[in-house]
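The values are calculated or read from the model by the stated rules, or taken from the named source; none is laboratory data. Values in this document were obtained by computation on a predicted structure and should not be read as measured data. What goes into the accessible areas is simple: the full protein's heavy atoms, side chains included, and nothing from ligands, DNA or RNA. Shrake-Rupley method; radii C 1.70, N 1.55, O 1.52, S 1.80 Å.
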Amino acid sequence: APLKQYCGYYMFRGCTSLTQAPELPATTLASSCYMYMFYGCTGLTSVEIPNNVTSISASAFYSCSNLAEFIVSNEHTAYSSSEDRKVLYNRNKTTLFAYPSATGEFTIPDNVTTIGNRAFAECKGLTSVTIGSGVTRIDGYAFAGCSSLTSIVIPANVTYINNHVFFRCD
């Protein structure tokens, strides 16, 4: 059944048995999903972003380590996903919002200009990142908790790095 209220802070926090995101209502109340909505939902493997949802906090999927599929229609006006559906971007793929299941090595495409807040946070299996030449901004906590991260290449054109980008990167 669709949710009857807006999406609020920590709405499903710690719901580790949640495997599928609930259907959001087609109302203006659902147009904005706030911070940490699915925080710690480690059972969540797939999320469909409905066309009516036009504002998602970059940290909505924080610590969802098994979230490996973002389903976004080609008609969506605000969001898109990578070809393998593992990465959530804005519509024109200039902002990387979330890649919660990132592991190993990853290269951020050159068309990306912004790495969003907590985009890779708690990706404990992420070992190496090469940031594409288009990136100019890295938002807060982008790589926080990436405890296996041993190498990152930051191009000279990055002019803004927010607070705590590498917090708890042992």
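See the values below:
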quantity	calculated
I71 long-range amide H proximity, modeled H, under 5 Å	V47, E48, I49
Using distinct alpha-carbon pairs, which all enter the 1/r mean, Kirkwood radius of the range 62-108 in Å	11.0
Residue-span extension gain [F167 to T94] - 0.36 nm each, minus C-alpha spacing	23.9 nm
Principal axis dimensions, the range 38-134 - Cα atoms, whole angstrom, descending	35, 33, 21
Inverse of mean 1/r across different Cα pairs in the range 85-140, Kirkwood, Å	11.1
3J(HN,Hα) from dihedral phi, the range 67-80, Karplus parametrisation 6.51/-1.76/1.60, rounded to Hz, x for glycine, proline	6, 10, 8, 10, 9, 10, 5, 5, 8, 4, 8, 10, 10, 8
S151, S81, ranked by accessible area, largest first (probe 1.4 Å)	S151, S81
Residues with amide H under 5 Å from that of F106, placed H, sequence gap 5 or more	S128, V129, T130
3J(HN,Hα) from dihedral phi, the range 148-157, Karplus parametrisation 6.51/-1.76/1.60, rounded to Hz, x for glycine, proline	9, 5, 10, 8, 9, 10, 10, x, 5, 7
